[in-house]
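The next block holds one structure in the form of structure tokens; read it before the comments.
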Amino acid sequence: MGDAKAFLQRCGEAKAAAGAMGDPLIMHHYDCDGITSGSIVASWFEGSGKKYRMKAVRKVDSELVDSLQAEKEIIFVDLGSGSPSVDELKGDVVIIDHHQPMAKSHLQANPHLFGFDGGSELSAAGCAYFVFGVSADLGVVGAVGDIQCPLRSLNKRMLEEAVGQNAVEVSTDLRLFGRNSRPMTQLLLYADEPYLPGLTGHEEACAKFLSELGIELKKGEKWRTYHDLSASEKKKLVSSLAEMLSMKISPEAAGRLTGEVFTLLNRQEGTELRDASEFSTVLNACGRNSRAELGVDVCLSRLGAYEKALVLLAEHRRNLREGIGFAMKNSQDLGKFMLIDGRGVISDSIIGVVAGMLFPGARNKPVLALSLEESGKIKLSTRGTRKLVNDGLNLGKILTEVCAPIGGVGGGHNIAAGATIPNDRLDEFLLEFAKRV
């Protein structure tokens, strides 16, 4: 059981230290949680009339730390805790993070330090919310984007505060992307979370599936969305999809079809930004296409940002569908774990997302996915399940310990972690990873 009082006290200390800075560099991760947490910090600084600078990065390594030695004030967000090299920085440093902590020399607001699991109980965006007390809706988006649903513990506390502020509304419903905005055929055609085998990417099959359920695609001249369906039509659709997923992938995948959905009441109706899950996908599209700064602009409602992000969103979802399609056909069962070798096929910016979407099909085994970085090094992404973690799996710890002796860098959460290793050390890594798992 975590100590919430002590955690919130530390958040207050972090806010005071950050507020005392004159022109800090805010270093944040490039994914949804990193963009939302960075935006929360930026929002507070702007609201306080204070100067700041921002930079998004993929990882903190010794090269990055060397480049930051001249900086006098740095705020790490969704970064820093898992990087011991950060201890070498001499300036004023505040770390707002939720990864398993290895850095020790600077002030940290991190749920792990107070008995909470940063992999499931609080994301970096939630941590930033508790530090600065602004933009609770972005805190919820960050948690959703970091696959921390259902929200519990400190996440639940943040959600309740967001609901109390009339910023978020909670309900239970279908979780497919575009349920309020996409025509029914497109809802199924472009589904990738979860991936619908036989339907995703097959327009005629989607139309036939809906026809066999007796669901009319149009009402007059208007294409119907999931939002337009009757209660009985919704029930029929969800149960049919769940049955299909349970048979073709796993009961866990079927279970991900429905769940808590979060409507963001301060965001524009009729857009992806009105729904926390869809908002998180927009931000991932920005970050994983090297436009994290555009994601920050979207979070802060800057003029024209949403329209630009939609272009990246279309490309991102197309890449995901192709990546998932490849992974479904080419995953290998190596006994202790499932392997997706996406080198040269799946971008290193989305390999973790693909691994996360596949893992329900792995049932009782973690997933290890490979891709190539621009440098030629191998990017590793691992995903597990809550049951595996409860049984003792800690992927972040495994990657940290396995990568260090072979010249790599790794770490993260117990349920999801990543690493980079030299191209010629893969066999050594796989053997040791299998032993540790």
Would you point out the residue of region 246-280, among those that are part of a strand (DSSP E or B) and surrounded by fewer than 20 Cβ atoms within 10 Å (Cβ to Cβ), that is modelled with the highest pLDDT?
THR263
The condition from (1) part of a loop (DSSP other than H, G, I, E, B); (2) within 18 Å of ARG291 (Cα to Cα) that SER39 misses is numbered (1)
Pairs where the first residue, in region 228-244, is not assigned by TED's automatic domain parsing to the domain that holds LEU257 and the second is of a type outside the set (Gly, Ala, Ser), C-beta under 8 Å, 6+ apart:
none
Please go through region 140-165 and pick out each residue that is at pLDDT 95 or above and hydrophobic (A, V, I, L, M, F, W, C).
VAL140, VAL141, ALA143, LEU154, MET158, LEU159, ALA162, VAL163
With the requirement that a residue be over 22 Å from ILE147 (Cα atoms) and of a type in the set (Asp, Glu), what does region 1-50 give you?
ASP3, GLU13, ASP23, GLU46
Here is a check on your reading of the model: is GLY82 among the small types (Gly, Ala, Ser) and at pLDDT 95 or above?
no
Residue identified as modelled with pLDDT of 95 or more and not in a helix (DSSP H, G or I) among LYS15, LYS55
LYS55
Here is a list: SER85, SER62, SER39. Which entry is in contact with a Ser or Thr (Cβ under 8 Å, 6 or more places away or on another chain), of a type outside the set (Asp, Glu) and buried (at least 19 other Cβ atoms within 10 Å of the Cβ)?
SER39
Under 6 Å between Cβ atoms, which residue pairs at least 6 apart in sequence (or on different chains) link something in region 327-338 that is small (Gly, Ala, Ser) with a partner that is outside any strand (DSSP E or B) and surrounded by 13 or more Cβ atoms within 10 Å (Cβ to Cβ)?
ALA327/VAL354; ALA327/LEU358
Can you find a residue in region 167-184 that is in a helix (DSSP H, G or I) and surrounded by 13 or more Cβ atoms within 10 Å (Cβ to Cβ)?
yes
Filter region 56-81 down to the residues that are under 16 Å from ALA17 (Cβ atoms) and among the polar types (S, T, N, Q) and list them by number.
SER81
Within region 200-215, the residues that are part of a loop (DSSP other than H, G, I, E, B) and modelled with pLDDT of 90 or more are LEU213, GLY214, ILE215
Counting just the residues of region 120-134 that are crowded, with 24+ Cβ neighbours inside 10 Å and in contact with a Leu (Cβ under 9 Å, 6 or more places away or on another chain), which one comes out farthest from GLY164 (Cα to Cα)?
ALA124
Quick one: is SER105 closer than 27 Å to LEU399 by Cβ, among the hydroxyl-bearing types (Ser, Thr, Tyr), part of a loop (DSSP other than H, G, I, E, B) and over 23 Å from the mean Cα position of the chain (by Cα)?
yes
Out of LEU283, LEU310, LEU303, report the one residue that is free of Cβ contacts under 8 Å to residues at least 40 places away in the same chain, outside the structural domain of ARG386 (by TED's automatic domain parsing) and assigned to a helix (DSSP H, G or I).
LEU310
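The values are calculated or read from the model by the stated rules, or taken from the named source; none is laboratory data. The model shown is predicted, which means the values in this text are computed figures rather than measured ones. Backbone-built Cβ (ideal geometry, glycine too); neighbour counts: all protein chains shown.
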